[in-house]
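Read-outs: derived from the displayed coordinates by stated rules, not from any lab. This structure is a prediction, so every number in the text was calculated from the model and none was measured. Reconstructed Cβ throughout: ideal geometry from the backbone, glycine too, with neighbour counts over all protein chains shown.
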Amino acid sequence: MTAVRDVDFSKVPGVLGRIVAGRVQDYRDADPDLGAPRAGERRFEAALRGPSLSLIAEVKRASPSEGAIAPLDPATAARAYEQGGASAISCLTEPRHFDGHLGALREVVGAVALPVLRKDFVVHPAMLREAADYGASAALLMVSVLGEAVGEYLEMAHHLGLDALVEVHDERELDIALGSGARILGVNNRDLTTLNIDLAVSPRLIRRARGAGFGGVLVAESGYRTAADLGPVRDLADAVLVGSSLARSGDLARATRELLAP
């Protein structure tokens, strides 16, 4: 099973386009074959369906907007997040802009009992196969990158037994995601073409998704630094994804506990 739609990744604009171009080159000769179907456990989805706001804590060493953030050891950071009360871990594997690598994913998966999301800019089926091979429970699929092809990549993720966090930033992308059959929707407050953050984006699009009848998991992403920042999404979202503010805190377990404080 492979993608049946060609995606013109050269049309992805701005900073995001530069990141995507690098990943397209990295995987230009990769084998698209996914192999036999694998059973899905939906561990990532289940972890985000708790009675209160769940946290996906991110192992994040660098970013395009901030440069170097913290020289985190992936396994140590993941264990600290788990101790602090995170429900899931996000592990960046993009090397040029986020100082990530696939080995970090394996280290994180081996260090914690929590489900792990491979956070990367998926442009090729092989990236999903790698996520499954390295023990991830979920992978990120970005509508800003994949466009209308996100539904086919979602089918590939499910073929591999993976959950998928389908990410959107505006109304057009949300409509595509809602039509794709996604069970987990992430709303990114950051415009990845400009790197600007607007914390009003998640509440607005989450309300729109619920108004459209979406009954799956909704995740608010990017820009959250304090428990007070989470106020506008606490009763709307099922989960939040937080990276930079936790990663640079110096005490990851304590920062996680403080962020989750009611």
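Full extension of the chain segment joining ARG28 with ASP235 gains 70.2 nm, where the gain is 0.36 nm per residue of separation less the Cα-Cα distance. Taking other residues whose beta carbon is less than 12 angstrom from the beta carbon of SER63, and scoring Lys, Arg as +1 and Asp, Glu as -1, yields +2. In terms of its alpha-carbon gyration tensor, the range 1-136 comes out oblate; a/c meets the 1.5 threshold, while b/c is at least as large as a/b. Taking 35 Å as R0, compute the FRET efficiency from the Cβ-Cβ separation of GLU155 and GLU258 and round it to 0.05. With R0 = 35 Å, the Cβ-Cβ based efficiency is 0.35.
The charge dipole of the chain, taken about the Cα centre with unit charges on the Cβ atoms of Lys, Arg (+1) and Asp, Glu (-1), comes to about 540 debye, rounded to the nearest 20. Summed over qualifying helices (DSSP H, 4 residues or more, each -39500 (n - 2.57)) and divided by its residue number, the chain shows a 222 nm mean residue ellipticity of -10500 deg cm²/dmol. Cα centroids of the range 217-236 and the range 34-70: how far apart, whole angstrom? Here the answer is 15 Å between Cα centres.
Antiparallel beta bridges, as assigned by DSSP with both residues in the chain, represent about 10 percent of the total such bridges. The equivalent ellipsoid that matches the C-alpha gyration tensor of the range 144-262 spans semi-axes of 25, 16, 14 angstrom, in descending order. Counting only Cα atoms, the chain measures 46, 40, 37 Å along its principal axes, largest extent leading.
At full extension, SER52 and ARG96 could sit 12.3 nm farther apart than now, given 0.36 nm per residue minus the alpha carbon distance. Projecting label points 7 angstrom from Cα along Cα→Cβ for ARG248 and GLN83 puts them 2.3 nm apart. Going by the alpha-carbon gyration tensor, a ≥ b ≥ c the square roots of its eigenvalues, is the range 66-134 rounded (a/c under 1.5) or, if a/c is not under 1.5, prolate (a/b greater than b/c) versus oblate? Note, shape of the range 66-134 comes out oblate. Computed from backbone phi with θ = phi - 60° and the Karplus coefficients 6.51, -1.76 and 1.60, the 3J(HN,Hα) list for the range 8-24 is 8, 5, 5, 8, 5, x, x, 4, 4, x, 5, 5, 4, 4, x, 5, 4 Hz; x is used for glycine and proline.
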